[in-house]
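Take a look at the structure set out below.
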Amino acid sequence: MRIMKFDVNMKDQVKSNVKQNLFVKSFPKTWDENDLKTLFSKYGPVESVFIQRKANSESKCNGVVLFRN
């Protein structure tokens, strides 16, 4: 698994309310949003999880985890 910081419109974020996005790739195809949330929630409160999917709903094995702070 590979984890990278994912910055979207960082210049538009208010410093007192900065949210951190992590781009995660190469996780198992069998994982769903709950698996990613469970894995990363031990590092802080997870606000949302997104997994990129193919047209047939199969995981592309990458996604984004958004931490509350």
Out of all the residues in region 1-29, which are modelled with pLDDT under 90 and in a loop (DSSP other than H, G, I, E, B)?
MET1, PHE6, ASP7, VAL8, ASN9, GLN13, VAL14, VAL18, LYS19
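So that you can scan it fast, the table gives a plain yes or no per residue for (1) open to solvent by 60 Å² or more (accessible area, probe 1.4 Å); (2) of a type in the set (Ser, Thr, Tyr); (3) touching a residue at least 12 places away in the same chain (Cβ under 8 Å); (4) in contact with a strand residue (DSSP E or B) (Cβ under 9 Å, 6 or more places away or on another chain):
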position: ASN21; (1), (2), (3), (4): no, no, yes, yes
position: GLU33; (1), (2), (3), (4): yes, no, yes, yes
position: PHE40; (1), (2), (3), (4): no, no, yes, yes
position: SER48; (1), (2), (3), (4): no, yes, yes, yes
position: LYS60; (1), (2), (3), (4): yes, no, no, yes
position: LEU66; (1), (2), (3), (4): no, no, yes, yes
Counting only residues that are part of a loop (DSSP other than H, G, I, E, B) and at pLDDT below 95, which one in region 30-56 is nearest to MET1 (Cα to Cα)?
GLY44
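The values are calculated or read from the model by the stated rules, or taken from the named source; none is laboratory data. Owing to the predicted nature of the structure, the values given are computational and were not obtained by experimental measurement. Cβ: placed from backbone, ideal geometry, glycine included. Neighbour counts: every protein chain shown. Quick note on the areas: whole protein, heavy atoms, side chains included, nothing else; ligands and nucleic acids left out. Shrake-Rupley method; radii C 1.70, N 1.55, O 1.52, S 1.80 Å.
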